[in-house]
Amino acid sequence: MVLRGMHVKMRLEKVRLFFFLVGDSSADSLLDVGGTSGYGGEFQDFNTRFRFKCTVNLEAHRLKGAAGCAVIANGCQLPFQDASFDWVFSNAVIEHVGGWEQQLQFAAEIRRVARKGYFIGTPNRYFPIDPHTLLPFFQFLPPNYQVSVSRYALTGMRREPQSMDLLGKAHLRRLFPAATIVGLGLPVIKNNLVAYFRTANV
């Protein structure tokens, strides 16, 4: 229960920063890359604060009942024209798309389809506890070892063993060179990172 409360509080911190970034978004469109139809609570305002919202996910069952449009697609190959959406949001997705080459593609697609700006959240690679498994230093294991060790996760990930590639601030600066990179969450060592960008003429 304590962990759940902390998780909600940290996600709220991201949401507040995002809405501060976009300002009055009542006439704007939003693309949520990797989002799900189950967003509620701290993410509920995403369904009402924008004129139009579209959610993209690789897995169809995660989009069932999604508000606005729902598109089954890969975030590394978004099926939209350049500057199709005013804002692009993605939370805790980029670490799951594959290795560095896939992350480069993902970042390029985010930048390509965003007209006014974007907001990308991801766990901090250099926070000692991996948030997906709650295991210490899990993120530094090679991918094949991650799959094996994730069976011992202290979270639901033990039922779906997988690997991931967490990022640090330097990685995000390379992926989003025009963005501001900030740490959020716990004091001293921030457990979450955000790359956000807003065009100067907004």
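Nothing in this text is a laboratory measurement; each read-out follows from the coordinates by a stated rule. Every value quoted in this text rests on a predicted model; they were computed, and no experiment measured them. Virtual Cβ from ideal backbone geometry, glycine too; neighbours counted across all protein chains shown.
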- prompt: With labels modelled as points extended 7 Å from the Cα through the Cβ direction, what inter-label distance (nm, one decimal) is found for A170 paired with K64?
  reply: 4.5
- prompt: Which of F127, G23, M164 sits closest to the plus end of the dipole of the chain, meaning its Cα is farthest towards the positive end, when Lys and Arg get +1 and Asp and Glu get -1 on the C-beta?
  reply: F127
- request: Can you put R62, R51 in order of Cβ neighbours within 10 angstrom, beginning with the fewest?
  value: R51, R62
- prompt: Pick from P79, P187, P177: which is most flexible by mean-square fluctuation in a GNM of the chain where alpha carbon atoms under 10 Å apart are linked?
  reply: P187
- prompt: Helix 2-22 sits at what angle to the longest principal axis of the chain, using alpha carbons and giving 0 to 90 degrees rounded to 10?
  reply: 30
- prompt: Given N74, A114, F138, which one lies farthest toward the positive end of the charge dipole of the chain, if we put +1 on the Cβ of every Lys and Arg and -1 on the Cβ of every Asp and Glu?
  reply: F138
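Among F46, F140, F20, F80, which comes first, then next, by fewest other beta-carbon atoms within 10 Å? Write down the numbers at each step before the final one.
Working: F46 22, F140 13, F20 9, F80 16.
Ascending Cβ contact count within 10 Å gives the list F20, F140, F80, F46.
Suppose R0 equals 30 Å. What FRET efficiency, 1/(1 + (r/R0)^6) with r the Cβ-Cβ distance, do V188 and T48 give to the nearest 0.05?
On the way: r = 36 Å, r/R0 = 1.19.
The calculated FRET efficiency here is 0.25.
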message: Residues of the stretch 64-93 with backbone nitrogen within less than 20 Å of a virtual label 7 Å along the Cα-to-Cβ line of E101, please, listed as ranges.
response: 74-78
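Please arrange Y118, Y152, Y126 by counting, for each residue, the other beta carbons lying within 10 Å of its beta carbon, fewest first. Could the numbers behind the result be given before it?
Working: Y118 26, Y152 12, Y126 17.
Ranked by crowding around the Cβ, least crowded first: Y152, Y126, Y118.
Given a cut-off of under 8 Å on Cα pairs at least six residues apart, what relative contact order in percent is computed for the chain? Write down the numbers at each step before the final one.
Numbers: 371 pairs, mean separation 34.7, N = 202.
Here the relative contact order equals 17 percent.
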message: Output the 0 to 90 degree angle, nearest 10, between the alpha-carbon long axis of helix 100-113 and the longest principal axis computed from the alpha carbons of the chain.
response: 20
query: Counting Lys and Arg as +1 and Asp and Glu as -1, each charge on the Cβ, what is the dipole of the chain about the Cα centre in debye, to the nearest 20?
result: 300
field: Entry for volume of the Cα convex hull per residue in Å³ (calculated from the structure that is shown) out of (1) 155; (2) 121; (3) 96
entry: (2)
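Once the piece of chain linking A73 and A108 is laid out straight, how much longer is it, given 0.36 nm per residue of separation minus the C-alpha distance between them? It would help to have the intermediate numbers written out before the result.
Working: separation 35, 0.36 × 35 = 12.60 nm, distance 1.54 nm.
Once the chain is fully extended between A73 and A108, it gains 11.1 nm.
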- line: Counting Lys and Arg as +1 and Asp and Glu as -1 over every other residue whose Cβ sits under 14 Å from the Cβ of L172, the net charge comes to +4
field: FRET efficiency estimate (nearest 0.05) - Cβ-Cβ, K9 to L141, R0 25 angstrom
entry: 0.30
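Return a whole-number percent for the relative contact order of the stretch 67-130, with Cα pairs under 8 Å and 6 or more residues apart as the contact set. Show your work: numbers first, answer last.
Details: 74 pairs, mean separation 26.9, N = 64.
Reported relative contact order: 42 percent.
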message: If each residue of separation counts as 0.36 nm, what is the full-extension length gain between Q81 and L154 once their alpha-carbon separation is subtracted?
response: 22.2 nm
task: Sort by residue number and report every cysteine in the chain with no other cysteine beta carbon within a distance under 4.7 Å.
output: C76
- prompt: Add -39500 (n - 2.57) for each DSSP H run of 4 or more in the chain, then divide by its residues: what number comes out at 222 nm, to the nearest 500 deg cm²/dmol?
  reply: -7500 deg cm²/dmol
- prompt: With the chain treated as a Gaussian network of Cα nodes joined by springs under 10 Å, which of F127, F137, F85 yields the largest mean-square fluctuation?
  reply: F137
